[in-house]
Each structure stands twice: as structure tokens, then as C-alpha cells.
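Chemist: Take this structure first; my questions come after.
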Amino acid sequence: MRIVTTAAAQMGPIQRSDTRSVVVERMIALMDEAKAQGADFIVYPELALTTFFPRWYIEDQAEVDTWFEREMPSPETLPLFRRAREHGMAMSFGYAELTPEGQHFNTSIIVDKHGAIIGKYRKIHLPGHSEYDPERTHQHLEKRYFLPGDLGFPVWRTMGGLFGMCVCNDRRWPETYRVMGLQGVEMVALGYNTPSINSQNGAEGPEQRLFHNRLSVQAGAYQNATWVVAVAKAGVEDGHPLIGGSLIVDPNGVIVAECRTEEDELLVHPCDLDDTVFGKTTIFDFVRHRRVEHYGLITSQTGVVLPPE
Ligand code: CDV
């Protein structure tokens with residue numbers, strides 16, 4: 001058995017006026033509770049340190065940059081890193097990253113039990129739009145504020161297993177999990193901020209959004225024989241509702257723990273990384289069964305014309 005006792009630290013709303021320091025205090029409170037429940041690893045949401053600022057249309061780049069972190073740990077997040085090290089707990093959280101070269105990314109990191117950042121992922125699937133759109137129920141300006149991630153979907157060896165990350169909208173795309181699955185990933189940590197309605201028609205309500213959240217995460221876990229820990233920032237931020245529904249899903253695609261509130265709420269589950277072995281050595285043994293060189297042959301048998309060699 002390779003147990004990683006994992007905490008999904010759902011966070012309730014963060015208002016535009018809330019400071020990083022107040023948010024970090026909430027994150028530390030969740031971490032202390034996770035420690036009391038025996039957690040080795042805690043996962044927080046996408047853009048965990050601030051409100052979901054891409055809903056606000058901002059023209060002044062200096063003001064935009066106030067939502068970004070120029071260094072990590074930053075002075076405000078150092079207490080979180082210190083508490084994690086005291087507890088001997090690994091962690092993952094998302095934040096807006098501004099690089100020394102002036103590039104902006106929607107980033108997530110994994111920090112080991114000694115407080116060292118051992119992995120960084122930058123969100124690849126950026127939803128929304130880049131200019132103010134009066135037709136929408138609310139703005140979703142990720143394409144305005146972030147560049148697409150440039151680090152791929154790597155996995156890292158830590159805590160006795162193989163860990164990967166993705167961020168929010170990435171979870172809806174099967175290749176996110178498959179790229180990590182092909183590297184043998186055993187646990188994917190992901191955070192999200194999902195508005196409770198679709199900004200383009202207002203039609204998709206929270207029930208449908210929660211359903212698609214479960215569907216994407218459960219399918220990704222099952223089809224790649226990996227644990228997935230999916231963690232929301234939830235509740236009403238300055239009048240804008242976000243779904244909750246944080247989940248821990250096992251490598252069979254089964255939900256083993258799920259949040260019921262839209263507040264700061266903790267799930268803790270003993271995740272055995274060896275539970276990935278059955279799927280990885282049977283139905284989803286990619287080396288034996290995923291023989292992509294035969295895909296052309298299959299399409300030719302169905303009458304589809306093959307591309308020229
Ligand atoms: N932060 C996100 O990436 N949100 C998207 C919304 C816009 C659909 C999501 O996939 O949840």
C-alpha cells in the first residue's frame with residue numbers, strides 16, 4: 001500500500017476587497033484541520049489567493065498586475081509555506097503568476113513536505129474572451145489576462161508516487177489526463193472557479209455545471225487509472241455565484257468524497273496510490289492496448305481514405 005492521506009480544501013467566496021493575508025489565514029485554518037485529520041497532502045483551488053478577478057474588465061495594466069504574484073513564496077504566502085513545513089505536509093494551490101519577463105499565467109504549483117516548490121503547471125485551456133462583451137451575463141476575461149501555459153502537462157515523482165496538475169477548464173479536455181496518463185500519473189491535483197451559469201446564454205444552471213464537473217473528473221480518473229482531487233472556489237463573490245462540489249475520485253472513477261457546501265470545507269481521504277495498478281495493468285495498460293500505429297489500418301477498413309505517407 002502507498003497511502004497518501006489527501007485533503008481537498010474547498011474555499012468559500014473571496015471578495016474583491018479581501019486581502020491576500022486574510023485569505024492565507026483561511027488556508028492555514030484548513031491546513032491545521034487537515035493535519036488534525038492526518039493529511040499528508042492538501043490541495044487548494046485555482047487562483048486561491050484572490051477573488052476570481054477575470055470576471056472584472058480592467059483596462060489599466062498596472063491595476064491588472066495587482067492581482068498577480070511576482071514571486072512565490074511571496075511575503076503574504078510565506079506563513080502558509082512555513083505552516084506546511086511545520087506539519088510535514090505537501091500542498092498544491094493556484095495563483096496568478098507574473099514572470100520577471102512580464103508574462104502572465106494562470107499557474108498551479110506542487111510543494112513538497114519540506115516546503116520546496118518541486119513542480120509548476122501553467123493553465124493551457126484558457127476559456128472566455130479578451131475584450132469586454134456586453135452580451136454576456138458576466139465577463140470571463142481569462143484570454144485577456146493570461147497567456148496559454150507553456151509547460152505542457154508534466155508529472156513529478158514525490159510522496160512515493162507520480163503527481164500531476166491541471167487547472168479548471170483543463171479538466172474538461174480528455175487529453176489533459178491522457179498526456180499525464182501516458183507518463184503514468186497516479187494523482188492529479190486540480191483547482192477550479194466555475195461560474196454557476198454559462199456567461200454566453202445564462203442557460204446552464206448549477207445542477208448541469210455540477211454534473212459536467214463530476215462527469216469530466218470521473219471519466220479522466222477512470223480512463224487513466226488515476227486519483228483525481230478536484231477542488232472548488234465556491235459561493236457568491238461580489239454577487240457572482242461559483243459552484244462548489246469539490247471531489248476526490250478514485251482510479252475506478254468512483255467519487256469517494258464530495259463537498260456539500262459552498263464554504264471553506266475540507267475532505268480528507270486515505271488515497272492508496274497502489275489502487276492505480278489494477279487499471280494500469282489491465283484495461284488501461286497503454287503499452288499493450290493503445291497501439292496507435294494501427295489506427296490508420298482501422299480507418300482504412302472502415303473506408304476512410306488514409307492520408308498520404
Ligand atoms: N476558470 C475556468 O476555467 N472556468 C471555466 C468556465 C468558464 C466554464 C470552467 O471550465 O469551469
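Chemist: Out of all the residues in segment 174-198, which are farther than 16 Å from Leu151 by Cβ and within 16 Å of the ligand (Cβ to nearest atom)?
Modeler: Listed by number, the residues that qualify are Pro174, Tyr177, Gly191, Tyr192, Asn193, Thr194, Pro195, Ser196, Ile197, Asn198.
Chemist: Now, a different point. Restricting the search to segment 1-37, which residues are in a strand (DSSP E or B) and open to solvent by 60 Å² or more (accessible area, probe 1.4 Å)?
Modeler: Within segment 1-37, just Ile3 meets the criteria.
Chemist: Now for a separate question. Under 7 Å between Cβ atoms, at least 6 apart or on separate chains: pull out the pairs that start in segment 37-50 with a residue that is within 13 Å of Met187 (Cβ to Cβ) and among the acidic types (Asp, Glu) and end on any residue that is in a loop (DSSP other than H, G, I, E, B) and open to solvent by less than 10 Å² (accessible area, probe 1.4 Å).
Modeler: Every condition considered, the pairs that remain are Asp40/Met89.
Chemist: Can you tell me which condition Gly253 does not meet? The list is (1) small (Gly, Ala, Ser); (2) away from the ligand (no atom under 16 Å from the Cβ); (3) modelled with pLDDT under 95, and all the others hold.
Modeler: (3)
Chemist: Let me ask something else about it. Of everything in segment 108-138, what is more than 13 Å from the ligand (Cβ to nearest atom), of a type outside the set (Lys, Arg) and closer than 24 Å to Val188 by Cα? Give them in sequence order.
Modeler: Across segment 108-138, the qualifying residues are Ile109, Ile110, Val111, Asp112, His114, Gly115, Ala116, Ile117, Ile118, Gly119, Tyr121.
Chemist: Separate question: If I ask for residues that are open to solvent by 50 Å² or more (accessible area, probe 1.4 Å) and over 26 Å from Thr137 (Cα atoms), which ones from segment 234-252 would you list?
Modeler: Of everything in segment 234-252, just one residue is open to solvent by 50 Å² or more (accessible area, probe 1.4 Å) and over 26 Å from Thr137 (Cα atoms), namely Asn252.
Chemist: Further question on the same structure: Does Glu263 satisfy the criteria of being of a type in the set (Asp, Glu), buried (at least 22 other Cβ atoms within 10 Å of the Cβ) and more than 12 Å from the ligand (Cβ to nearest atom)?
Modeler: no
Chemist: Could I ask something else about it? Looking only at residues that are open to solvent by less than 30 Å² (accessible area, probe 1.4 Å) and in a helix (DSSP H, G or I) in segment 62-78, which one is nearest to Ala116 (Cα to Cα)?
Modeler: The residue in question is Asp65.
Chemist: Can you tell me how many residues within segment 139-172 are within 10 Å of the ligand (Cβ to nearest atom) and either free of Cβ contacts under 8 Å to residues at least 12 places away in the same chain or of a type outside the set (A, V, I, L, M, F, W, C) (or both)?
Modeler: Qualifying residue count for the region: 6.
Chemist: If a residue has to be assigned to a helix (DSSP H, G or I), without any contact (Cβ under 8 Å) to a residue 40 or more places away in the chain and open to solvent by less than 60 Å² (accessible area, probe 1.4 Å) to count, how many in segment 79-124 make the cut?
Modeler: Qualifying residue count for the region: 1.
Chemist: If we only count helices (runs of 4 or more DSSP H) wholly inside segment 134-233, which ones have 3 or more residues that are open to solvent by less than 30 Å² (accessible area, probe 1.4 Å) and at pLDDT 95 or above?
Modeler: 174-181, 206-224
Chemist: Of everything in segment 38-61 that's outside any loop (DSSP other than H, G, I, E, B) and away from the ligand (no atom under 12 Å from the Cβ), which residue is most open to solvent (accessible area, probe 1.4 Å)?
Modeler: In this case the residue turns out to be Gln61.
The values are calculated or read from the model by the stated rules, or taken from the named source; none is laboratory data. Quick caveat, the model's predicted, so the values are computed rather than measured. Don't worry about glycine lacking a Cβ; one is built from the backbone with ideal geometry, like all the others, and counts go over all protein chains shown. To get the accessible areas, we keep the full protein, side chains included, count just its heavy atoms, and leave off ligands, DNA and RNA. Shrake-Rupley method; radii C 1.70, N 1.55, O 1.52, S 1.80 Å.
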